[in-house]
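The values are calculated or read from the model by the stated rules, or taken from the named source; none is laboratory data. These numbers were taken from a predicted model, which means no experiment stands behind them. Heads up, the Cβs are rebuilt from the backbone with ideal geometry, glycines too, and the neighbour counts pull from every protein chain shown. For the accessible areas, the whole protein counts, side chains as well, though only heavy atoms, and no ligand, DNA or RNA atoms are used. Shrake-Rupley method; radii C 1.70, N 1.55, O 1.52, S 1.80 Å.
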Amino acid sequence: SYTRHSLPVLGNELLWGVGFVATSVIIGRIGSVFVAANSIAGVLNQLVFISVSGVANAAAVLTGKTIGEGSRGRVQKVANTLLLFSVLVGVFNCLLVLVIRPLFLLLYNVTPETYEAAYTIIGVLACLQLVLGIDVTCIVGILRGGGDTRFVMINDLLFMWGLVLPCSALAAFVWGAPPLWVFVILKSDQVLK
């Protein structure tokens, strides 16, 4: 059964899911080359996201366990250690993506235009790895593991829905920004959070 404490968790998942759909709609309206390039880059991003997700889930378990033991004094130490580890994972993932990018793109038979777009998008995603680990570890791991789902929901409402999605829609459809800048704006919530 759901309690009032479950509502922010359900809200977070709903906000994230609908935000993902809104992002896909914006990317889809930019053009077929960009859609294909984003799809290719997304596969590589999902591959490296496995390590980020692992750190975040471990952070949730360790944070919850530490709080459950009544070791509130140790929680900050555990959180700091997890954050340091997430930074190391982010640096590793950034370098890994940059190194394997040309080899990964050889797996696809695409036009030169799509190749160039995917190459550039993967470069942006590589740079985002530096903050993605911290973002996911804090939000999915430490905050949710510590029971603070309300802040996570407010964070998503403010940055994703209040700032990033409206700005990226304006950039794509009103201002006529280049697709790469629209993509950067769409992914900027990870930095802002």
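General observations
- Axis of helix 32-68 versus longest Cα principal axis of the chain: the two differ by about 10°, to the nearest ten degrees.
- Gain in span if fully extended, F151 to V191, counting 0.36 nm per residue against the direct Cα distance: 12.8 nm
- Stretch gain in nm, segment F20-L88, where the contour uses 0.36 nm per residue and the Cα spacing is subtracted: 21.8 nm
- Where segment 50-126 is the region considered: accessible area per residue in Å², 1.4 Å probe: 58 Å²
- Ellipticity estimate at 222 nm from DSSP helix runs (n ≥ 4, -39,500 (n - 2.57)) divided over the chain, nearest 500: -26500 deg cm²/dmol
- Proximal lysines relative to K77, as straight alpha-carbon distance under 24 Å, when same-chain residues fewer than 8 apart are discounted: K65, K193
- With contacts taken as Cα pairs under 8 Å at a separation of at least 6 residues, the chain carries a relative contact order of 33 percent.
- Accessible area of the chain belonging to carbon and sulfur atoms, whole % at 1.4 Å probe: 70 percent
- Given +1 at the Cβ of Lys and Arg, -1 at the Cβ of Asp and Glu and no other charges, the dipole of the chain around its Cα centre is 520 debye to the nearest 20.
- 3J(HN,Hα) couplings calculated from phi for segment 178-190 with the Karplus curve 6.51 cos²θ - 1.76 cosθ + 1.60 (θ = phi - 60°) are, in sequence order, x, x, 4, 5, 4, 4, 4, 5, 4, 8, 6, 4, 5 Hz; Gly and Pro show x.
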